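S.K.: Provided herewith is a single structure, encoded as structure tokens, for subsequent inquiry.
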Amino acid sequence: MEKLQYSFSEVEKKWQRKYEEERVFEAEPDPSRPKFFVTFPFPYMSGPVHLGTAYTLTRLDVIARYKRKRGFNVLFPFAFHWTGTTIAGISDRIRRGDQKTIEILEKMDGVPREEIERFKDPVYLARYYTEKNRAVLKDYGLAIDWRREFHTTSLNPGFSTFVRWQYLKLLKNGYIIRGVHPVVWCPRDKSPTGDHDRLSGEGVFPEKFYLVKFRLNDSYLVAATFRPETVFGVTNVWVNPEANYAEAYVDGEKWIVSLETLQKLADQLKSINKTREFKGRELIGKKVITVFTGVSVPVLPASFVDPSIGTGVVYSVPAHAPYDYMALEDLKHDEALLREYGLDPEEVRSIEPISMITTEKYGSNPSEKIVRELGIRNQSDPKLEEATSLVYKEEFHKGMTLNNCGRFSNLPVQRAKELVIEEMKRNGAGDEMLELPSPVVCRCGTRCHVKILSDQYLLAYSSPEWKAKALKALEMMKIYPKEARENFIYFINWYVDWAFTRTSGLGTPVPWLPDQMIETLSDSTVYMAYYIISKYVNNGVLKPENLTEEFYDYVMLDKGVPEEVGKKTGVSLELLRKLRYEFDYWYPVDLRISGKDLIANHLTFYIFHHVAIFPEEKWPRQIAVNGFLRIEGQPMHKSKGIFISLKDAIEKYGSDATRITLLLAAEGLEDPNWESEKASRNMELIESIYRQVISLLGKEYVSENGHMEEWLRNSIKKRVKKITEALENMEIREAASEALYGLRNDLRWYLRRTSKPDYKTLREAVETWLNLLYPFTPHLAEELWSILGKDTILANHPWPQVVEADEKPLLLEKYLENLIEDTYQIIKAMGNVSATRLKIITAAKWKNEAFKKLLEVTEIEPSRIREIMLLHAAGVSREELGRFIGQVLKTLPSITGEYKMVLKQVLDIGERKILEEAHSFLEKEFKCRVEILSEDEISTELVKVAGKKPPAQPGRPILLIE
RNA sequence: GCGGAGGUCGCCAAGCCUGGUUAAAGGCGCGAGGCUCAGGACCUCGUCCCGCAGGGGUUCGUGGGUUCAAAUCCCACCCUCCGCACCA
């Protein structure tokens, strides 16, 4: 007797060891087999590998194992990511004694105290996690060729030679340009302030403001706005009388703006020459000339104007800007203020809003309307924000300009805006500047502003040729799920030039700028090619000094003369040729898989860089993306404690149960949800499958080859096809669910239906089942495979043949299932009585004949049905015939699709025969005597009883329960 | 704002592309029975409402539409989640 206790860790370890000993996943080129190269974006070594990583990784592992079984030579390598500032950031925080960081390391990551001390060294930290994570991944049991492992940064000289080559290629091929780049800038730290370096203002990025110049004598009062098209509605200009303003030559032109604005302009590459400073009140009452319309309007005081936003000068469009409207109303009614600034009250009160846009919702004077609706009292009412946004949205999307806008009249607002910007640019009446739409404060407490960094090295992602090439590569690629393709197109088009150099963190130096690093996303784009080389660096055959530009040019691009390359690099000719062959054999990547978050950056970079460096035949073939793992319905969040490391999961549930819990959690772009309850239940499922298989093998069976054996064989054929198709489409959950539950249910049903199961059929079914289970629960499948007495490794065993199933037995079985369901329904309607006898009376022969004809008729017409019936109903009473026709007319429309097929089969074989075959099963099922009769042979007495019931129909016999 | 995904019978979650055995898979929970010394283990059945005969009624975010027929196709609306650049 086999042991029935299933030891997860013992079994899993055993097979992992076996795979390692037999070098099952160590892949070498083999011209006799097609290759399949799969990769996973290397995880960042700033912490333990978690279940989110495991989810994606498992999906890839399933495909790798499946493809092997389909005869592909599969290469699945792995590496670790060290580049960037995150690792150094953690070390920094520990050095500063940041308790939150230390707490997370201890509690979530399970790092011992004494190790945390050592984490002050970022390199130690990276090494530590690399060691730990490699061990965990090996315990998880992935089909990885570990000989090719590496990590990034200059701490790995071999890898750095490759990145160096990559960037030299990009530079030579013209994909790197010099240019400017705007950042959120902290003037105190003198460095860009990323989202995570901010005290407040997360998610705030530079936006374009338009500058409109109002002539004031020999200078310009320069106002900032998001809505330059509204210049046609200007009635006045606002300045804050208490704020400081300055007069300065900006690129040689005399401007008046708030004092703070000068620094911002200077940081946006304007030349600034300040001539004078003064208070805003000095400007009040002056007249300025409007753009386009050339009207003279007054400068008026407004407290809502913030000198640190925009230019500290706002032009007033009271009809369309609620702020302006309110400020004007306030001023009209404030005698004291008017007097203070020596303004003519009559003149101010005579200012009327100028309508220049109309919308269906708010009309042509929206400010007044919305201010009234929201009950806004004065210009310091916070509700003005909302009012502004409501008007802006409506007018921008649905507004039309009125006929007082010169040649921009009667246009959609969006169009008018474009044209106005264009025109102002042309005639010098306007300019642009970048500004933060809301305040950003650096960790050091300093208010940030936009700075344009000049003389940056940039990846020229905005290049139309590069985009076109990337889009072409995308077009040639398979993307799973297909909805994700839209995302790629969007991001390829959206990308602008990307500054790729950094001064902090770990990484590989820019080849021509040794004091700067290549940032983390940019050094990880074509590294999959390095997997071919890394194996030889790891075993010492190649040294970093061999890996020159000429070396990679030859091996990866087939450029150069091998003899010369050999001389220059010190690599033997034989090895060079071998490497060239290996590279050519394995490359390109056939499938890369990641979380959907990487579409926006890494995967798009991956496409860009491949098309920039490699010829078309080496471009990526397929990309698959999936959702983001949630834990018990919550997004993963370490500091909130919502986090499960892969290590913890394996310790609790083992590899196989963890695998299927992840795989069954989601499909496509949906976010999978990890539930610990499900993981526990999946352990039970695995144990249950184990017991189920073992119990099948321990029994004596007779040899049968009847309907049920046919049914089982064909049902499994159907499953094989379904699972294979699902895997080919990367529908891994579908495949896993079919393999786990589908075949399990088939076997159960077979055993329930047969009193004498056939050993041979059963054994074949189990073998196929294990084969299908292997990609999902490899350890369990392998273990049972060996218990079956197989001396081969299941990993190497070919995938079952995909063949069309014979539907006939499946359809016949469907008939029986329907019959059983009907019977249960009747029993239920009777109040769940226990039956003592079940009489099944099948339809009379003439009905069957008539029905066969009916099924061939496509259009259901009452007259046609009657005609067919009459043809076969010789000797049947008019009453009976009428009743039957009525019944048929009622049910016929519902006989469609599969059921039609079922009926055809049933009528061919004969209900009687099917029922008799199932006789003993039915008695067992209903625990009562079962009689099978036909309408043609029942006694008149029975006819009377049955007469009260709906008449028998082909496929739906009368059921009499006693 | 832009782009993407999604709202299904107590919960989780299939189905939707290719409209029709779809009252709607599977799992959990709950109920009944079996096995058993016992079991929170395992096996079987049931689980929208009504019905002592296989029937009827009402369901798939909301409101319309197309169709003989819609969870499935079309339109509008409401709600949720995710990404949006120096950050891995």
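Since every read-out is calculated from the coordinates, none of them should be taken as a lab result. None of the values given here were measured: they were computed from a predicted structure. Heads up, the Cβs are rebuilt from the backbone with ideal geometry, glycines too, and the neighbour counts pull from every protein chain shown.
S.K.: Report relative contact order for chain A in percent, whole number only (criteria: Cα-Cα under 8 Å, sequence separation at least 6).
M.R.: About 13 percent, as a whole number.
S.K.: Only bridges whose two residues both fall in chain A count here: according to DSSP, what percent of them are antiparallel, nearest 5?
M.R.: Taking every DSSP beta bridge with both residues in chain A, the antiparallel ones total about 70 percent.
S.K.: Rounded, prolate or oblate: which one fits segment A:428-571, using the alpha carbon gyration tensor with axes a ≥ b ≥ c (rounded when a/c is under 1.5, else prolate when a/b beats b/c, else oblate)?
M.R.: prolate
S.K.: To the nearest 20 debye, what charge dipole does segment A:603-725 have about its Cα centre, counting +1 at the Cβ of each Lys and Arg and -1 at the Cβ of each Asp and Glu?
M.R.: Here the size comes out at about 140 debye.
S.K.: Check the straight Cα-Cα distances from A:K190 and name the lysines below 24 Å, setting aside those fewer than 8 residues away within the same chain.
M.R.: Reachable lysines: A:K208, A:K264, A:K270, A:K274, A:K451.
S.K.: So, one more: Dipole size in debye (nearest 20) for segment A:260-342 around its Cα centre, Lys and Arg Cβ +1, Asp and Glu Cβ -1?
M.R.: 440 debye
S.K.: Moving on to the next point. Tell me whether chain A comes out rounded, prolate or oblate; compute the Cα gyration tensor, take square roots of the eigenvalues as a ≥ b ≥ c, and use a/c under 1.5 as the rounded threshold.
M.R.: Here chain A falls in the oblate category.
S.K.: Return the loop-located GluC sites (Glu not before Pro) in segment A:672-776 (DSSP other than H, G, I, E, B) with at most 12 other Cβ atoms within 10 Å of their own Cβ; answer none if there are none.
M.R.: Of the GluC sites (Glu not before Pro), the ones in loops of segment A:672-776 whose Cβ has at most 12 other Cβ atoms within 10 Å are A:E700.
S.K.: Order of A:362-368, A:821-827, A:32-38 by packing, highest average Cβ count within 10 Å first?
M.R.: Those peptides, ordered most packed to least, come out A:362-368, A:32-38, A:821-827.
S.K.: Roughly what would the spin-label model give for A:R929 and A:E677, points 7 Å off Cα along C-beta, in nm?
M.R.: 4.8 nm
S.K.: Quickly work out the A:R415-to-A:Q99 label distance, labels modelled 7 Å from Cα along the C-beta direction, and quote it in nm with one decimal.
M.R.: 6.3 nm
S.K.: For A:I489 and A:V802, what is the calculated FRET efficiency with R₀ set at 56 Å and r taken between the beta-carbons, to the nearest 0.05?
M.R.: Result of the calculation: an efficiency of 0.95.
S.K.: Which links in A:K482/A:K722; A:K14/A:K120; A:K287/A:K332 stretch past 29 Å when you go from one Cα to the other?
M.R.: Cα-Cα > 29 Å for A:K14/A:K120; rest within.
S.K.: Of A:K67/A:K467; A:K596/A:K618; A:K13/A:K790, which sit over 25 Å apart, Cα to Cα?
M.R.: Among A:K67/A:K467; A:K596/A:K618; A:K13/A:K790, the Cα-Cα distance tops 25 Å for A:K67/A:K467.
S.K.: Starting from the Cα of A:D189, step 7 Å toward the Cβ, then list every residue of segment A:508-530 with an amide N under 18 Å from that point.
M.R.: Of the residues in segment A:508-530, A:517, A:519-520 have backbone N under 18 Å from the label point off A:D189.
S.K.: Among A:G742, A:L727, A:H707, pick out the residue whose Cα is farthest towards the positive end of the charge dipole of segment A:705-757, where Lys and Arg carry +1 and Asp and Glu carry -1 on C-beta, about the Cα centre.
M.R.: A:H707
S.K.: Checking the a/c ratio against 1.5 first, then a/b against b/c, what shape does the Cα gyration tensor give for segment A:329-421?
M.R.: The shape class here is oblate.
S.K.: How far apart, in nanometres, would the label points at A:Y341 and A:K18 be if each is projected 7 angstrom from Cα along the Cα-to-Cβ direction?
M.R.: Modelled inter-label distance: 8.7 nm.
S.K.: Please give the calculated 222 nm ellipticity per residue for chain A, where each DSSP H segment of at least 4 residues contributes -39500 (n - 2.57) and the sum is spread over every residue; nearest 500 deg cm²/dmol?
M.R.: Calculated at 222 nm, the ellipticity per residue is -14500 deg cm²/dmol.
S.K.: Any idea what angle helix A:707-728 forms with the longest principal axis of chain A, computed on alpha-carbon atoms, 0 to 90 degrees, nearest 10?
M.R.: 10 degrees
S.K.: Explain nothing, just the number: dipole magnitude of chain A about its Cα centre with +1 on each Lys and Arg Cβ and -1 on each Asp and Glu Cβ, in debye rounded to the nearest 20.
M.R.: Approximately 1300 debye in magnitude.
S.K.: Tell me the angle of helix A:464-476 to the major Cα principal axis of chain A, expressed in degrees between 0 and 90 and rounded to the nearest ten.
M.R.: Helix A:464-476 and the main axis of chain A meet at about 10 degrees.
S.K.: Identify, among A:V510, A:Q905, A:T152, the residue whose Cα sits farthest towards the positive end of the charge dipole of chain A, taking +1 on the Cβ of Lys and Arg and -1 on the Cβ of Asp and Glu, with the dipole about the Cα centre.
M.R.: Towards the positive end, the residue furthest out is A:Q905.
S.K.: With everything on Cα atoms, drop me the angle between helix A:845-856 and the longest principal axis of chain A, reported from 0 to 90° to the nearest 10.
M.R.: Once rounded, one gets 30 degrees.
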